[in-house]
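The values are calculated or read from the model by the stated rules, or taken from the named source; none is laboratory data. Being a predicted model, the structure only gives us computed values, none of them experimental. Cβ placement follows ideal geometry from the backbone for every residue including glycine, while neighbour counts extend to all protein chains displayed.
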Amino acid sequence: MDDASNVQAIQNYWGRDGLGQAILDALVAAGKNLDGLTIDDLAPTDQFHGGGKAATVRLAHLAGVAPGTRVLDVGGGLGGPARTLAVEFGCHVAVIDLTESYVQAAAMLTARLGLDDRVTHHVGNALELPFALGAFDVVWTQNSGMNIADKERLYRGFYRVLRPGGRLAFQEPMAGPVQPLIFPLMWARDTATNFLRTPGEMHALIEAAGFRAHVWEVMAALPGVAPGASVPAHNLYHLVMGEAMAAIIHASDRNRDEGRMVLVQAVFDRP
């Protein structure tokens, strides 16, 4: 599959018209006051990755983010991590995502929380980052590289937009010691758009891009987070994944329990 075909396949898989309004409607149905929403109200929906908000906060502490940090969140989707970094850590965050409906929904939620001055949202390709050399203190990405085959190019791009002394902070599912994977996955119905590599392969290619490992943690699940917390029963993931969610949860549990997939949280320094 060439780059253009892969981009189109990803957009077709993830695109959801009216997603932002659907989320707001679901929040109203759950008894939330839209004029007083908090990042915790949104967390069951907009922290669209394993471990939820707890994983975002854990990674932020590992990365040592501080007030005023300029962060680029690549593949930031609905914007949950970006808004958490802004509210709880004082960061200024630019979010880029390939799927326009996600970016529209994310911008709507950010505006609803009054965070437009700290979080911005952009439609764009992670392999063609439209930002200047050394523009950011931290490049951040959570569960967003699984659909990307050319990971070498991806991490070279991260290196380019980071300032010297900046940091790469990421969370990513990777291929475990037992294969093959069981489908469907959250990001792929089959092997056509799934590009997981092993932790060893990923560590080597990131260092080949010029980074130096600061934190590298490979685990079946996040410490202190129950395995099922990645997709809690009360969340609104069904708005995105629909009827496929039950099969995705079943496959995810098997992949984790049988060692077919592991989770990595890591921080790398850019010399």
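What are the pairs with Cβ atoms under 8 angstrom where one residue, in the range 180-195, is over 18 Å from residue 259 (Cα atoms) and the other, located anywhere, is surrounded by 19 or more Cβ atoms within 10 Å (Cβ to Cβ) and of a type in the set (Phe, Trp, Tyr)? Sequence gap at least six, or different chains.
193/187
Tell me which residues, restricted to the range 107-123, are assigned to a loop (DSSP other than H, G, I, E, B) and buried (at least 17 other Cβ atoms within 10 Å of the Cβ).
Across the range 107-123, the qualifying residues are 113, 115, 118.
Can you tell me which residues in the range 169-187 are within 16 Å of residue 98 (Cβ to Cβ) and either crowded, with 20+ Cβ neighbours inside 10 Å or at pLDDT 95 or above (or both)?
Step one: list which residues in the range 169-187 are within 16 Å of residue 98 (Cβ to Cβ), which gives 186-187.
Result: 186, single match.
Here are some conditions: (1) on the phi > 0 side of the Ramachandran plot; (2) in contact (Cβ under 8 Å) with a residue 60 or more places away in the chain. Residue 134 meets all but one. Which one does it not meet?
(2)
Please name all residue pairs, on different chains or six or more residues apart, with Cβ atoms under 7 Å, provided the first residue is in the range 23-36 and is in contact (Cβ under 8 Å) with a residue 40 or more places away in the chain and among the small types (Gly, Ala, Ser) and the second residue is surrounded by 15 or more Cβ atoms within 10 Å (Cβ to Cβ) and part of a helix (DSSP H, G or I).
What qualifies is 26/239.
From the residues in the range 132-168 that are among the basic types (Lys, Arg) and surrounded by fewer than 23 Cβ atoms within 10 Å (Cβ to Cβ), which one is farthest from the chain's Cα centre (by Cα)?
My answer is 163.
Does the range 207-224 include one or more residues that are at pLDDT 90 or above, of a type in the set (Lys, Arg) and assigned to a strand (DSSP E or B)? First the steps, then the outcome.
If we filter the range 207-224 for residues that are at pLDDT 90 or above, which is where we start, we get 207-219.
Cutting the leftovers down to of a type in the set (Lys, Arg) gives us 212.
Retained after the next criterion (residues that are assigned to a strand (DSSP E or B)): 212.
Within the range 207-224, one or more residues are at pLDDT 90 or above, of a type in the set (Lys, Arg) and assigned to a strand (DSSP E or B).
Residues 64, 75, 90: which one is surrounded by fewer than 16 Cβ atoms within 10 Å (Cβ to Cβ), touching a Ser or Thr at 6+ places or on another chain (Cβ under 9 Å), at positive phi and not charged (D, E, K, R)? Give the derivation first.
Values: 64 fails: touching a Ser or Thr at 6+ places or on another chain (Cβ under 9 Å); 75 fails: surrounded by fewer than 16 Cβ atoms within 10 Å (Cβ to Cβ).
Of the residues listed, the single one that is surrounded by fewer than 16 Cβ atoms within 10 Å (Cβ to Cβ), touching a Ser or Thr at 6+ places or on another chain (Cβ under 9 Å), at positive phi and not charged (D, E, K, R) is 90.
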